[in-house]
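Please read the structure below before turning to the comments.
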Amino acid sequence: MDTKPIIGLIAGGGDLPKYVRAAAQDAGTFGTLIALDPFVEETDFRDVTRLRLGQFGKMVKRLKKANCTHVCFAGIVKRPDFKRLKPDFKAMRHLPGTIRAAGQGDDALMRHVLGLFEQEGFQIISPQEVCADLMLTEGLAGDIPMTEAHRHDALQACKIAAAIGALDIGQGAVVARGVTLAVEAQEGTDAMLTRLLNLAPELRGTPEERIGVLAKLIKPNQDIRVDLPTLGPNTVRHALEAGLAGIVAEAGGAFIIEREETLRLANEGGLFIAGLPKAE
């Protein structure tokens, strides 16, 4: 970029938006923050604009008032219930197209939403452009090694995750000893890992004998400016509870938030975290 962007951050739930805002503030590129209600907790941000998904007109007005040139989407946002959306006038104009896009899947819906902001004159900037230091790099992130058996499960889990991602189902899969134990859909990674507790320990592993690997991958057709996989302390806690041996993602294709705490928990629990090279 020839000139510094002025970034309007549209924040969903989770901790990632806090890192994006801090990085933009440090770089002198922060413009404003819009917290999406009800996904963002009241205590997450103070003195910010809180808007609902249907208030597109107010979002655009707020971004332009702050002289934003770029918009960054970060955080967890669940698919809206269009019957309860209560769109404002500007959102109402785009509602038929938004509903059509939603019928084609989450990725199509997100591309449509990004396009609406681009039509208003904003450029889209990804969270990874703002805080590149959060990205998972190639190799082991912590101290726990990955065995050949783990690597076999990791690669198989990546194949499964890529397959469901191509169908716009989810980003994650768990494989143990070559057997697929779980795939992620709308419930999210933490809920998928909690589901593993319903399986017999000999299938999913135990703290004494950890087996199985969680893979989190970018969907093959998704817009990588939004919704990259995120790993954090909660991911590690759920993986440890489920008896898994490790977590993998593509190098440069996932965030690690609260890195020090995430790696501390993984190291103490005997869980490896690794960035794999992008599949050709």
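Between 0 and 90 degrees, the angle of helix 89-102 with respect to the longest Cα principal axis of the chain falls at about 30 degrees.
Quick note on segment 106-188: its Rg to Rh ratio, both from C-alpha atoms and Rh being the Kirkwood radius, is 1.09.
Remark: the chain carries 49 Å² of accessible area per residue (probe radius 1.4 Å; ligands, DNA and RNA excluded). Taking only protein heavy atoms and a 1.4 Å probe, the accessible area of segment 69-146 is 54% carbon and sulfur. Remark: the Cα gyration tensor places segment 167-268 in the oblate category, a/c being 1.5 or greater and a/b not exceeding b/c. In percent, rounded to a whole number, the relative contact order of the chain is 17, using alpha-carbon pairs under 8 Å and six or more apart. Between segment 1-32 and segment 34-75, the C-alpha centres lie 12 angstrom from each other. The 3J(HN,Hα) values that the Karplus relation (6.51, -1.76, 1.60; θ = phi - 60°) gives for segment 120-130 are, in residue order, 7, x, 8, 9, 9, 10, 7, x, 5, 6, 7 Hz. Gly and Pro appear as x. For segment 1-120, relative contact order (Cα pairs under 8 Å, six or more residues apart, normalised by length) works out to 29 percent.
Compute the signed sum of charges (Lys and Arg +1, Asp and Glu -1) over the other residues within less than 15 Å, Cβ to Cβ, of Ile256. Intermediate values should be presented prior to the final figure.
Values: positive: Lys18, Lys216, Arg237, Arg259, Arg264; negative: Asp15, Asp133, Glu138, Asp143, Glu250, Glu258, Glu260, Glu261.
Once all neighbours under 15 Å are counted, the net charge is -3.
Pairs of Cα atoms nearer than 8 Å and 6+ residues apart set the relative contact order; for segment 153-280 it is 24 percent.
Selection among Ile99, Leu109, Gln25 by position relative to the dipole of segment 1-131 gives Ile99 as farthest towards the positive end (Cβ unit charges, Cα centre).
When each pair of different Cα atoms in segment 54-96 is counted once in the 1/r mean, what is the Kirkwood radius in angstroms, to one decimal?
Values: mean 1/r = 0.0847 Å⁻¹.
Taking every pair of different Cα atoms in segment 54-96, averaging 1/r and inverting gives 11.8 Å.
By its C-alpha gyration tensor, with a ≥ b ≥ c as the square roots of the eigenvalues, how is segment 10-66 shaped: rounded for a/c under 1.5, else prolate for a/b larger than b/c, else oblate? It is oblate, given that a/c is not under 1.5 and a/b is not larger than b/c. For segment 103-176 versus segment 191-231, the spacing of their alpha-carbon centroids is 12 Å. Applying the Karplus relation 6.51 cos²θ - 1.76 cosθ + 1.60 with θ = phi - 60° to segment 206-219 yields 3J(HN,Hα) values of 9, x, 7, 9, 7, 9, x, 9, 8, 10, 10, 10, 4, 5 Hz, where x marks Gly and Pro. When DSSP beta bridges are restricted to pairs lying wholly in the chain, around 35% turn out antiparallel. Near Ile76, the amide H atoms lying under 5 Å from its own belong to Gly12, Gly13, Gly14; only residues 5 or more places off or on other chains count, and H is placed 1.01 Å from N. Seen against the Cα atoms of the chain and their longest principal axis, helix 259-269 is set at about 20 degrees. The count of lysine pairs in the chain with alpha-carbon distances below 18 Å, taking only pairs 8 or more places apart or on different chains, stands at 15.
Share of pairwise Cα-Cα distances greater than 14 Å in segment 35-74 is 50 percent (whole percent).
With N the number of residues in segment 1-116, Rg(Cα) / (2.2 N^0.38 Å) evaluates to 1.06.
The values are calculated or read from the model by the stated rules, or taken from the named source; none is laboratory data. Since the structure is predicted, the reported quantities are computational estimates derived from the model, not experimental observations. Cβ coordinates were reconstructed from backbone atoms using ideal geometry, including for glycine residues, and neighbour counts include every protein chain displayed. SASA here: full protein model, heavy atoms, side chains in, ligands and nucleic acids out. Shrake-Rupley method; radii C 1.70, N 1.55, O 1.52, S 1.80 Å.
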